[in-house]
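One structure is given here, and the rest of the page talks about it.
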Amino acid sequence: MNDGFGARHGTRRACASLASMSQSPERPDDLGWLLAKVSYSLTTELTAALESLSVTPRAQCVLATAMQGEYTQTALAQAIGVDKTTMVVTIDALERAGLVERRTSSEDRRARVIAVTEAGAATVAEGEQIVEQIHEDVLSALSPERREAFMDALRQLATDRLGAPTPCEKPVRRREPRSVAAAAV
């Protein structure tokens, strides 16, 4: 089947189907499939581990980022790469749990910033230990040399070739993460 992609780019590669994603191919060569599979597995493991703190990986990321300075909801959304609606829902849940408060900015009385409460700071500290342990455990599957090369390669892809999304007619919903400094109030 020619979907037009192969004709434009001179290659014809089969796309990983949803049915085959539930199986473990002997030698998967599809970069997108591999990245999606490990991302999903890591996110699932983090979700399970953070349940003891009653936070999700996204909530943990929001809390940890909010502790770095005064950020509006919009700035936090840009910093971690989620849309505004998702951020509002996340902040509402964190506020109900007593982990954050919406406060007036010390720099602009018109702006409201997200402030992490003492309980939120304690959750961040515990969550960071959990996340660090899982990251270490996952990477321990690789030798120290391969681990360093793997992380270097991911960082290079994230800052170079895959550092910015490709413009497209129907863009992917997830927003591009921006640096924390660029998202500051």
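The values are calculated or read from the model by the stated rules, or taken from the named source; none is laboratory data. All of these numbers come straight from a predicted model, not from anything done at the bench. Glycine gets a Cβ as well: all are built from the backbone with ideal geometry, and neighbour counts include every protein chain shown.
Answer yes or no as to whether G81 is of a type outside the set (F, W, Y) and within 27 Å of L154 (Cα to Cα).
Criteria met by G81.
Given the criterion over 19 Å from T47 (Cα atoms), part of a loop (DSSP other than H, G, I, E, B) and not aromatic (F, W, Y), identify the matching residue among Q78, Q68.
Answer to the check: Q68.
Restricted to the range 147-165, and to residues that are touching a helix residue (DSSP H, G or I) at 6+ places or on another chain (Cβ under 9 Å) and at pLDDT 95 or above, which residue is surrounded by the most Cβ atoms within 10 Å (Cβ to Cβ)?
R147
If I go through the range 81-118 residue by residue, how many of them are out of contact with any Leu (no Cβ under 8 Å at 6 or more places or on another chain) and under 13 Å from V62 (Cα atoms)?
Adding up the residues that qualify gives 14.
Has the range 83-104 got any residue that is touching a residue at least 60 places away in the same chain (Cβ under 8 Å) and of a type outside the set (D, E)?
Within the range 83-104, the subset touching a residue at least 60 places away in the same chain (Cβ under 8 Å) is 83.
Keeping just the survivors that are of a type outside the set (D, E) gives none.
No, every residue in the range 83-104 fails to be touching a residue at least 60 places away in the same chain (Cβ under 8 Å) and of a type outside the set (D, E).
Being loosely packed, with under 12 Cβ neighbours inside 10 Å and free of Cβ contacts under 8 Å to residues at least 24 places away in the same chain is the filter here; which residues of the range 107-118 pass it?
R109, R110, E118
Quick check on T85: is it modelled with pLDDT under 95, part of a helix (DSSP H, G or I) and surrounded by 13 or more Cβ atoms within 10 Å (Cβ to Cβ)?
Spelling it out, it is not the case that T85 is modelled with pLDDT under 95, part of a helix (DSSP H, G or I) and surrounded by 13 or more Cβ atoms within 10 Å (Cβ to Cβ).
What pairs come up if the first residue lies in the range 129-154 and is without any contact (Cβ under 8 Å) to a residue 60 or more places away in the chain, the second is assigned to a helix (DSSP H, G or I) and of a type in the set (A, V, I, L, M, F, W, C), and their beta carbons are under 7 Å apart, counting only those six or more places apart or on different chains?
L142/F150; R147/L139
With the structure loaded, tell me whether L53 is under 30 Å from R103 (Cα atoms), in contact (Cβ under 8 Å) with a residue 24 or more places away in the chain, buried (at least 17 other Cβ atoms within 10 Å of the Cβ) and touching an Asp or Glu at 6+ places or on another chain (Cβ under 8 Å) or whether it fails that test.
yes
Tell me yes or no: at least one residue of the range 120-128 is over 24 Å from L31 (Cβ atoms) and not in a helix (DSSP H, G or I).
Looking for residues that are over 24 Å from L31 (Cβ atoms) and not in a helix (DSSP H, G or I), one finds none in the range 120-128, hence no.
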